[in-house]
Amino acid sequence: MMKFRLLSLCLASSFAFAAPEGGVVTAGPLTSLDKLETFAAVKSAPSPRRHIAIQSWLTSNGTKVLFVHATEVPMVDMRLIFDAGSARDGDKYGLASLVSRMLDEGTPTRSTDQIAAAFENIGASFSASAYRDMFVVDLRVLSDRDYLDPALDVYTDVIAHPTFPEASFKRIFDGAQIGQQQKQQSPSAQAGILFYQNLYGTHPYAHPSNGTPESLKLITTNDLKAFHQQYFAAKNATLSIVGDVDNERAKAIAEMVSNSLTTGEAAPTLVDVTPLPKARHIHLSFPSQQTHIMSGQASVRRGDPDYEALYVGNEILGGGGFNTILMNELREKRGLTYGVYSTIVPMHADGPFMINLSTRGDQTQQALDLIRSNLRDFLRDGPTDAQVEEAKDNILGSFPLSTSSNGSILAYLGSMGFYNLPNDYLDTFNDRISKVTASDIRKAFRRHINPDKMLTVTVGQGVTVAKK
């Protein structure tokens, strides 16, 4: 037990992956470390390449499996993803989120305390989360069968046979409502809610993944059971395994997990996103000194061939830390904000391109004008060749770090399987990034971003909404 806890502490710093609101997504490699000053001295060095041998197959029950044999540490990491995110909530917003919170609250043979004790006694880590596209259930445990086998017994019981007891539901519901109250006190949270609502309209991405105070009151335990029965199916699942088990054992694990589920069917394809016909500005008055700004539009889905060009371009525009165009113009030159960031989140349907910042209330219009003018300039002129090379150096230099742990590889495998990306996605990442040119970026941004059809949301003190 002590050996496992020490090992967990040693690995904690490297067990990281992105989980934005759009989905558990590894939209691109982690790029935070490349902003350190010391990185400038080595960024021109050839980026090391690590071949990650990914095997994939279908179980007898129809679950897609991706497996990487990793012997560096005696651990197994597993991620089971269902196409059962909040986009499948129907008209009961927050349903998938409540299922994720209730999943380990009891089975026919185990209470919630027994489930927690079973995982704790063998040093296993279990978690479940719901995002817009996907429902994620993770397990981490030592690969020794004395630990792995009992962990799998509990894991499969929890995912296949949750009872959603009424007593637990009341406690979880009360906690969810407290979370709703906290969001109502946060200008950034309110901006995010308004942004998705007004950007996606009637599309399933529009509502908050955690629901609303009103929608949560409509949900019963029967709804949780029906959701689980419909979407927790082998053919609606992707399983990723990374760790110190051989191929034969990995296949046996996959069969065990898949066969614990009903066969079922894959969830239907989400409807396409209807783009905004023109620019809109939504303002919510809020008693805060700072005004939170979100501006963007639905832009790209996962697997789009323009993604690499958009990713490199966004690194230059506002996604790459302190040395970006937006940061330079709004923070360094004018001191309008502590930080301004742009993000591209590809999902099953067109995910959002977003620009986020907070600024003093009386500076809001100046900040908005600068965002619009810089975005228009970027689409018209694109980045310079020097900017492109620097961005690619940063991305390629940090990429090995983003696949340096079992947890980070697992996050990639989950997204690759869920979004049907090719098995060589990681091996070819460097080459795809290296080939991006300034011309590619200009063309990709012009195809996916229209500054005249952007949604802008401001939450804070009074703002004059400019007429378009």
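The values are calculated or read from the model by the stated rules, or taken from the named source; none is laboratory data. A quick note: this is a predicted structure, and the numbers were derived from the prediction, not measured. No Cβ is skipped: glycine too gets one built from the backbone with ideal geometry, and neighbour counts run over all protein chains shown.
The table for this structure:
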quantity: Qualifying residue in segment 204-225 (condition: within 14 Å of LEU95 (Cβ to Cβ), assigned to a helix (DSSP H, G or I), in contact with a Phe, Trp or Tyr (Cβ under 8 Å, 6 or more places away or on another chain) and of a type in the set (D, E, K, R)); calculated: yes
quantity: Total residues in segment 380-410, condition at pLDDT 95 or above and small (Gly, Ala, Ser); calculated: 2
quantity: Failed item, numbered, when ALA386 is tested on (1) on the phi < 0 side of the Ramachandran plot; (2) in contact (Cβ under 8 Å) with a residue 40 or more places away in the chain; calculated: (2)
quantity: Filtered residues of segment 268-307 (kept if within 20 Å of the chain's Cα centre (by Cα), among the polar types (S, T, N, Q) and more than 22 Å from ARG372 (Cα to Cα)); calculated: THR269
quantity: Hits in segment 160-171 - residues which are in a helix (DSSP H, G or I), more than 26 Å from ALA411 (Cβ to Cβ) and not polar (S, T, N, Q); calculated: GLU166, ALA167, PHE169, LYS170, ARG171
quantity: Filtered residues of segment 130-159 (kept if part of a loop (DSSP other than H, G, I, E, B) and crowded, with 23+ Cβ neighbours inside 10 Å); calculated: TYR131, ARG132, ASP133, MET134
